[in-house]
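The values are calculated or read from the model by the stated rules, or taken from the named source; none is laboratory data. None of the values given here were measured: they were computed from a predicted structure. Neighbour counts run over all protein chains shown; Cβ positions are idealised from the backbone, glycine included. To get the accessible areas, we keep the full protein, side chains included, count just its heavy atoms, and leave off ligands, DNA and RNA. Shrake-Rupley method; radii C 1.70, N 1.55, O 1.52, S 1.80 Å.
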Amino acid sequence: MLTALARTATRRPLTVMLLWGLFLLLGFGLGTGVFARLSDNVPEVPGTESESAARYLDELDPAGSSITGVVAGTPVSEPGLRAEVERAVADVREVAGVAAVPDPYVTPGMLAEDGRALIVPVTLEAGLDDDAEERTLDAAAERIREIDAPDVHVSGGPLLGLQMGERAQEDVKNAELISLPVVLALLLVVFGGLRSALLPLVVAVGGIAGAFLALFLFSEVTDISVYAIQVTTMLGLGLAVDYALLMLVRFREERRHTADVEEAVHRTVAAAGRTVAFSGLTVAVSLTGLLVFPSVFLRSIGLAVTAVVVIDMLAALTLLPALLARFGGRIPPAKTPRDGEERAGSSPVSPASRPGARWPSSPWWRRCCWCWPCPCPE
């Protein structure tokens, strides 16, 4: 099967690259919409004592969710600001789905002792579905933010997930801006060439885009934890570079034995591709064990990491062979081992089995690293 996959990728490399390009656009276009759907909650596991206590508290206080606005940075007793706050409170009370908004100027405990800040708590009606609650939250929060004051902030439990999603998106962007150049520099040191160093990064970017798209699709049927983004990007980058390195090293070895680039790609996929497929499937199947947990948080992590492992594996077995078939002719083959050097993967010859073995008098930096003291002849 791997041989047939390699022949398809090398026969139509541009088609394979085009399909992965469309997949990448979907991942970074549609898939990044998952950031607006991330949840910061760690739901209670059904049947546990904490879940029973939470259900009991909900029965005692059936009120809906709440958010809080904070107005600060100037004396809140100024007539102009007070009139604006009162108008905002009246407008928020008219929003569909809002249960109560107390007047901060007459309700005890709403004003700061120094008179330079106040809070505007907003309580929603109980029993709102997700779409109605989101519309109510957006309308109420937007109206409070329109208050003309130096500092106006709105937050609370229902908005926390959205705000953490925005923060996660910013963190992922910053992490990629830092990690990708560092990885590229390390790959340049390993391969000594820009073309060989860029190919693992292409696979990594494709894997991350696919992970975003998979998470977006999963968010249609289940909650996705905000922490799943950090795990998938970290794992996606690491596995993609790992699989691509394995394939590239084998490709350069095969190029040393054949001048035909396509044949070298076929041999690479048949050998190193089998290792990548076995490793990827093993990791993916192992991670699906998280799906049996009743916690939605753990299930979302399991879905996310399983998806990114499978996507990285597919990218290494399809996208990378197509790239090698198209540009692999410009990648130099591995260096031929010099006389006396051991080939990669071969077992070192025992010094005791070498004829004429004796203690060397050469300096320590010229002695081999795996047997010290070394009785090899100079």
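Side notes on the structure shown:
- Number of the exception - Ala141 against (1) open to solvent by 30 Å² or more (accessible area, probe 1.4 Å); (2) within 30 Å of Thr32 (Cβ to Cβ): (1)
- Residue within the range 209-222 that is over 16 Å from Gly302 (Cα atoms) and open to solvent by less than 50 Å² (accessible area, probe 1.4 Å) present: yes
- Tally of residues being touching a Leu at 6+ places or on another chain (Cβ under 6 Å), charged (D, E, K, R) and open to solvent by 10 Å² or more (accessible area, probe 1.4 Å) across the range 297-327: 1
- The single condition from (1) modelled with pLDDT of 90 or more; (2) out of contact with any Gly (no Cβ under 8 Å at 6 or more places or on another chain) that Asp129 fails is (1).
- The set of residues in the range 223-232 being open to solvent by less than 20 Å² (accessible area, probe 1.4 Å), β-branched (Val, Ile, Thr) and not in a strand (DSSP E or B) consists of Val226, Ile229, Thr232.
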